[in-house]
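> What follows is a single structure, and I will ask about it in a moment.
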């Protein structure tokens with residue numbers, strides 16, 4: 001599991017959908033540890049082009065154009081991240097980092 005990987009999660013807690021794709025945003029040292037969870041950002045099929053959203057699509061392994069929502073970070077069990085979809089390319093990972101900085105109000 002790597003930062004920037006996309007996974008489909010079945011029945012994510014509190015989500016009305018039967019499954020949703022998430023992108024892993026935890027730092028790699030946490031992912032490599034025995035810690036049982038990872039911080040993830042959900043991906044939705046619609047967005048508003050906000051500075052805290054990142055456009056993704058077929059190039060990243062999705063079925064259609066979608067948006068990573070950095071204002072909705074969640075902690076998911078690593079054991080639930082089993083249905084690998086794809087990995088963000090370096091350019092999208094840089095956009096994700098920028099959106100996370102905006103969402104968390106970091107310099």
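The values are calculated or read from the model by the stated rules, or taken from the named source; none is laboratory data. Everything numeric in this text was worked out from a predicted model, so none of it was measured. Cβ sites come from the backbone with ideal geometry, for glycine too, and all protein chains shown count toward neighbours.
> Testing residue 13 on (1) more than 18 Å from residue 97 (Cα to Cα); (2) touching a strand residue (DSSP E or B) at 6+ places or on another chain (Cβ under 7 Å), one condition comes back false. Which one is that?
(2) is the only condition that residue 13 fails.
> Being out of contact with any helix residue (DSSP H, G or I) (no Cβ under 6 Å at 6 or more places or on another chain) and either within 25 Å of residue 10 (Cβ to Cβ) or surrounded by 12 or more Cβ atoms within 10 Å (Cβ to Cβ) (or both) narrows it down to one of 73, 104, so name that one.
Result of the check over 73, 104: 73.
> Within the group 88, 81, 62, 96, which residue is closer than 17 Å to residue 12 by Cα and in contact (Cβ under 8 Å) with a residue 40 or more places away in the chain?
Every option except 81 fails the conditions.
> Given the residues 25, 56, which is the only one that is surrounded by 13 or more Cβ atoms within 10 Å (Cβ to Cβ), touching a residue at least 24 places away in the same chain (Cβ under 8 Å) and either under 13 Å from residue 1 (Cβ atoms) or out of contact with any strand residue (DSSP E or B) (no Cβ under 8 Å at 6 or more places or on another chain) (or both)?
From the options 25, 56, the qualifying one is 25.
> Additional query: What's the total number of residues in region 35-53 that are assigned to a loop (DSSP other than H, G, I, E, B), at pLDDT 95 or above and buried (at least 17 other Cβ atoms within 10 Å of the Cβ)?
So the count comes out to 1.
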